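First the structure, in the form of structure tokens, and then the observations on it.
The values are calculated or read from the model by the stated rules, or taken from the named source; none is laboratory data. Source: prediction; values computed, not measured. Cβ coordinates were reconstructed from backbone atoms using ideal geometry, including for glycine residues, and neighbour counts include every protein chain displayed. Accessible surface areas use protein heavy atoms only, side chains included; no ligands, DNA or RNA. Shrake-Rupley method; radii C 1.70, N 1.55, O 1.52, S 1.80 Å.
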Amino acid sequence: MLFATLYGLASGITAVIRAALPLQIFPAGAYPRASAQLAVPLNLSFAAASPVFTAILTSAGPHAALWLARVISIFAFSALLGLLLLHRRTLRLQSP
């Protein structure tokens, strides 16, 4: 039950962020185009993830699939940390 609740919360937050984030980054006039350009790679990666992961799982086994998931998670966390540091640096440069 806890997993389903947390998954639902994360899914809802992701949907809201995916819709609102381009509006914060791009001007309102450029929002539709920017949103569409951001959606294409996201949707392609969602579509490709299951078949690719299944192919790795069946050809290389579960250990390889888990290692791949671990490496991708570390890369995603590193990218998030890099964005956080970049944001803090930008805020520091903008403050008088």
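Every test in (1) modelled with pLDDT of 95 or more; (2) in contact with a Leu (Cβ under 9 Å, 6 or more places away or on another chain) is passed by S78 save one, and that test is (2). Could you please let me know if R18 is in a helix (DSSP H, G or I), at negative phi and surrounded by 10 or more Cβ atoms within 10 Å (Cβ to Cβ)? Here the answer is yes, as R18 does meet what is asked.
It is to be established whether one or more residues within the range 1-13 are at pLDDT 85 or above, open to solvent by 80 Å² or more (accessible area, probe 1.4 Å) and not in a helix (DSSP H, G or I). The answer is yes; a qualifying residue exists. Applying a threshold of 8 Å to beta carbon distances and a minimum spacing of six or more residues, or different chains, the list of pairs starting in the range 68-91 at a residue that is under 27 Å from A49 (Cβ atoms) and touching a residue at least 12 places away in the same chain (Cβ under 8 Å) and ending at one that is assigned to a helix (DSSP H, G or I) and aliphatic (A, V, I, L, M) reads L68/I56. Output yes when any residue across the range 59-68 is within 29 Å of H87 (Cα to Cα), among the aliphatic types (A, V, I, L, M), modelled with pLDDT of 90 or more and surrounded by 12 or more Cβ atoms within 10 Å (Cβ to Cβ), and no when none is. So far as the range 59-68 goes, yes, one or more of its residues are within 29 Å of H87 (Cα to Cα), among the aliphatic types (A, V, I, L, M), modelled with pLDDT of 90 or more and surrounded by 12 or more Cβ atoms within 10 Å (Cβ to Cβ). The set of residues in the range 21-53 being under 21 Å from H87 (Cα atoms), open to solvent by 60 Å² or more (accessible area, probe 1.4 Å), among the hydrophobic types (A, V, I, L, M, F, W, C) and part of a helix (DSSP H, G or I) consists of L21, L23, I25, L38.
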